[in-house]
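The values are calculated or read from the model by the stated rules, or taken from the named source; none is laboratory data. Values in this document were obtained by computation on a predicted structure and should not be read as measured data. Quick reminder, even Gly has a Cβ in these numbers, built from the backbone with ideal geometry, and neighbours come from all protein chains shown. Remember, those area values only see protein heavy atoms, side chains included, never the ligands or the DNA or RNA. Shrake-Rupley method; radii C 1.70, N 1.55, O 1.52, S 1.80 Å.
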Amino acid sequence: GATVTRHPGPFIMSGKKKETTVVVSQTEIATDIYDMWIATDLSLQAKPGQFISVYTQDKSTLLPRPISICEVDRENRRIRIVYRVAGKGTAEFSGYHAGAPIDILGTLGNGFPLEAAKKAFLMGGGIGIPPMLELAKELDCEKDIIAGYRNSELFLADELKQYGNLYVATEDGSEGTKGNVMNAIAENNLKADVIFA
């Protein structure tokens, strides 16, 4: 019969890999919004719009938390997630410091089709904004980025505006258009060939 050689290493299933890796850095960039870089070779295959599952160390919390990939650094083999503390699991993650172990599974989801267009809308509100950053970097066309926030804490706005025309909506009207992303599109009379949301 055939000889089967088993290699120690990460659990692999159809391109998805569960691994224990480390946090490179983490900062709070707005109220309860955290920005974390994670060391991982998943950066080599990650596409805009994909996500990872992050497992808690607390074994009473069974399910991993799905978190969108915000940015990919293939050169330094790391990925960035930006997430909101919403419950016990994400509260645990917010306490991680550089060097802390972290269990992740990825990459998950199909990601965005990077189809050719003359003009694209990239739309996201709240925690739907982070996946738009890597998309804005990789999409090669004219881009209007429409981001919706609760208030004047415009996390990621300075980075987004490097890759397209940024329009902001805030629920409280403190910045940009009062309302949501649709209100900002109407107020600025924006038009596009394709919409990424």
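Odds and ends about this structure:
- With protein chains left intact and a 1.4 Å probe, residues in the chain average 52 Å² of accessible area per residue.
- Top positive-direction residue, dipole computed over region 21-123 with Cβ charges, set Phe121, Ser68, Gly106: Phe121
- Residues Glu171 and Glu75, FRET efficiency given R0 of 35 Å [Cβ-Cβ distance, rounded to 0.05]: 0.40
- Percent accessible area from carbon and sulfur atoms, the chain, protein chains only, probe 1.4 Å: 50 percent
- Annotation note: GluC sites (Glu not before Pro) in region 113-189 located in DSSP loop regions with a Cβ neighbour count of at most 12 within 10 Å are Glu115.
- Across every direction, the projection of the convex hull enclosing the Cα atoms of region 72-118 has a mean area of 5.6 nm².
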